[in-house]
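Q: Below you'll find the structure I mean.
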Amino acid sequence: DKPIALVSGRMTALDEPDFKPEVFFTNSVGRFAIQKLKPGQRYRVELFTSPISSFEFQVPEDSEGLLDLSKVSVPIIMPEQ
């Protein structure tokens, strides 16, 4: 129930074999942003935790503008800071 703060990761497109992975870094409250997601496409987000955690999502076909995934929960143990 805590944000995954200050962790890097990458996002890949599952439906586009030539998609170059996008690297990101979460901020102090666990948020990150990636631009140019395509409606109808499926994506996989990998967090560089130990072990690596991941989740997948699909952009709705009728999506325009910002896609807010709200709160995504992944089962990892974050070291105390």
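Q: Which order do peptides 28-41, 2-15 fall in by mean Cβ count within 10 Å, highest first? Please report the intermediate quantities before stating the final value.
A: Working: 28-41: 11.5, 2-15: 15.1.
Final packing ranking: 2-15, 28-41.
Q: Roughly speaking, to the nearest percent, how much of the chain's 1.4 Å accessible area is carbon and sulfur?
A: Numbers: 3160 of 6260 Å².
Roughly 50 percent, rounded to a whole number.
Q: Which of the listed residues, 39, 14, 27, is farthest toward the dipole's positive end in the chain, when Lys, Arg count +1 and Asp, Glu count -1 at the beta-carbon?
A: It is 27, whose Cα lies furthest towards the positive end.
Q: Using r as the Cβ-Cβ distance of residue 76 and residue 38, and R0 as 35 Å, what FRET efficiency do you calculate, to the nearest 0.05? Don't skip to the end; give the middle numbers.
A: Details: r = 28 Å, r/R0 = 0.80.
That pair, residue 76 with residue 38, gives E of 0.80.
Q: Which percent of the Cα-Cα distances in the chain go past 20 Å?
A: Values: 1046 of 3240 pairs.
Of all Cα-Cα distances in the chain, 32 percent exceed 20 Å.
Q: Moving on. How high is the FRET efficiency between residue 25 and residue 59 when r is their beta carbon distance and R₀ equals 22 Å, given to the nearest 0.05? Provide the component values of the computation, followed by the final result.
A: Numbers: r = 21 Å, r/R0 = 0.98.
That gives a FRET efficiency of 0.55.
The values are calculated or read from the model by the stated rules, or taken from the named source; none is laboratory data. Values in this document were obtained by computation on a predicted structure and should not be read as measured data. Because the Cβ atoms are built from the backbone with ideal geometry, glycine has one as well, and the counts that use them run over all protein chains shown. For the accessible areas, the whole protein counts, side chains as well, though only heavy atoms, and no ligand, DNA or RNA atoms are used. Shrake-Rupley method; radii C 1.70, N 1.55, O 1.52, S 1.80 Å.
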